[in-house]
Amino acid sequence: MGARAQLARNLESVQGRISAALEAAGRSRVEARLVAVTKSVGPAVVRALVDLGCSDLGENRPQTIPERAAAIRPGAARWHMIGHFQSRKIRASLPYLTRIHSVHSVELLRKLDPAALDLDRKISVLLQVNVSAEPSKQGFLPSELEAALTLAARLKGVEVDGFMTMAPEGRPERELRTLFSSLRTLRDQWATPGLPLPELSMGMSQDFEPALKEGATLVRIGSALFADLPTGL
């Protein structure tokens, strides 16, 4: 099987699994979107993925986004920053970004605000929440969300439209669902008519189905899309 055909097959499989998980949860297919995590592939694969209809692309490294964006048609993709965002990378990558999933500190919120205003725009962000309280993971603890949301409400260049989390690896589904439901509960706790927080970014290749069953609206999937992809694309 050729590389493009394998990519199409993988994408169809992932989309089918997303639909099945949503159906099992009594949710509509339009309630969640795939963000394809492209850090492990080159610009040609990114271009083929967009040609196959996948328009939400996630990157862990902001410095790679300009090259990848140049490989596809202008406006053909929405770029999501999903990895650690160093403040010195903000101004170079912000013009390409639709959403930042990994806002993990008030310091980053404060630095994003003037950079967005200089571009005469408002950047959509998700607050990264360390719901499992793992010392190795970045993100706000649940007890820190009030201060972060209070600050964000005063900023003119930043709009918080939800939360993001990363689950520990290798945990059973029951534990994963408890963790993901905790993020949903936090969102419900802090959402208001003026700040609806519609987005929940949770679930990756190894755990996106439990995340969808607990309310994920954005799933960040990389390895499941690019498995068994031969060279030549």
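Within the range 139-191, the set of residues being more than 17 Å from ARG99 (Cβ to Cβ) and part of a loop (DSSP other than H, G, I, E, B) comprises LEU141, LYS156, ALA167, PRO168, GLU169, GLY170, ARG171, PRO172, ALA191. Every listed requirement among (1) in a helix (DSSP H, G or I); (2) closer than 23 Å to SER181 by Cα; (3) not small (Gly, Ala, Ser) is met by VAL46 save one, (2). A search for C-beta distances below 6 Å between a residue of the range 201-220 that is at positive phi and any residue that is surrounded by 21 or more Cβ atoms within 10 Å (Cβ to Cβ) and not in a helix (DSSP H, G or I), counting only pairs 6+ apart in sequence or on different chains, returns GLY203/ALA216; GLY203/VAL219; GLY215/LEU200. Of all the residues in the range 198-228, those that are farther than 23 Å from GLU23 by Cα and buried (at least 19 other Cβ atoms within 10 Å of the Cβ) number 1.
Among residues of the range 160-176 being over 13 Å from LEU200 (Cβ atoms) and under 18 Å from the mean Cα position of the chain (by Cα), the one that is modelled with the highest pLDDT is LEU176. Is it the case that some residue within the range 142-160 is polar (S, T, N, Q) and out of contact with any strand residue (DSSP E or B) (no Cβ under 8 Å at 6 or more places or on another chain)? Yes.
Inspect the range 186-195 for any residue being in contact (Cβ under 8 Å) with a residue 12 or more places away in the chain, touching a helix residue (DSSP H, G or I) at 6+ places or on another chain (Cβ under 8 Å) and charged (D, E, K, R) and give the result as yes or no.
To start, the set of residues in the range 186-195 that are in contact (Cβ under 8 Å) with a residue 12 or more places away in the chain comprises 186-187, 190, 195.
Remaining after also requiring touching a helix residue (DSSP H, G or I) at 6+ places or on another chain (Cβ under 8 Å): 186, 190, 195.
From the residues that got through so far, the ones that are charged (D, E, K, R) too are none.
Taking every residue of the range 186-195 in turn, none turns out to be in contact (Cβ under 8 Å) with a residue 12 or more places away in the chain, touching a helix residue (DSSP H, G or I) at 6+ places or on another chain (Cβ under 8 Å) and charged (D, E, K, R).
Restricted to the range 47-56, and to residues there that are aliphatic (A, V, I, L, M) and over 18 Å from the mean Cα position of the chain (by Cα), the residue that is surrounded by the fewest Cβ atoms within 10 Å (Cβ to Cβ) is LEU52. Taking into account only those residues within the range 57-81 that are closer than 18 Å to HIS101 by Cα, crowded, with 18+ Cβ neighbours inside 10 Å and not hydrophobic (A, V, I, L, M, F, W, C), which is modelled with the lowest pLDDT? The qualifying residue modelled with the lowest pLDDT is PRO62.
When ALA32, ALA25, ALA44 are checked against the criterion of being surrounded by fewer than 20 Cβ atoms within 10 Å (Cβ to Cβ), out of contact with any Phe, Trp or Tyr (no Cβ under 7 Å at 6 or more places or on another chain) and at pLDDT 95 or above, a single residue qualifies: ALA25.
State all residues of the range 50-73 that are part of a helix (DSSP H, G or I) and either touching a residue at least 60 places away in the same chain (Cβ under 8 Å) or among the acidic types (Asp, Glu) (or both); if no residue qualifies, say none. Before you say what the answer is, go through the steps one by one.
Looking only at the range 50-73, we keep the residues that are part of a helix (DSSP H, G or I), and these are 50-51, 62-70.
Of everything in the range 50-73, those that are part of a helix (DSSP H, G or I) and either touching a residue at least 60 places away in the same chain (Cβ under 8 Å) or among the acidic types (Asp, Glu) (or both) turn out to be ASP51, GLU67.
Of the residues making up the range 125-140, just one is surrounded by fewer than 18 Cβ atoms within 10 Å (Cβ to Cβ) and either closer than 21 Å to LEU94 by Cβ or at pLDDT 95 or above (or both), namely GLN138.
Any idea which residue in the range 91-109 is surrounded by the fewest Cβ atoms within 10 Å (Cβ to Cβ), counting only those that are over 15 Å from the mean Cα position of the chain (by Cα) and within 19 Å of ALA147 (Cβ to Cβ)? Only one residue tops the list, namely GLU107. Only residues that are within 12 Å of MET164 (Cα to Cα), in contact with a Lys or Arg (Cβ under 8 Å, 6 or more places away or on another chain) and not charged (D, E, K, R) were counted across the range 95-153, and they come to 4.
The values are calculated or read from the model by the stated rules, or taken from the named source; none is laboratory data. Every value quoted in this text rests on a predicted model; they were computed, and no experiment measured them. Counting neighbours? That spans all protein chains shown, and the Cβs are built from the backbone with ideal geometry, glycine included.
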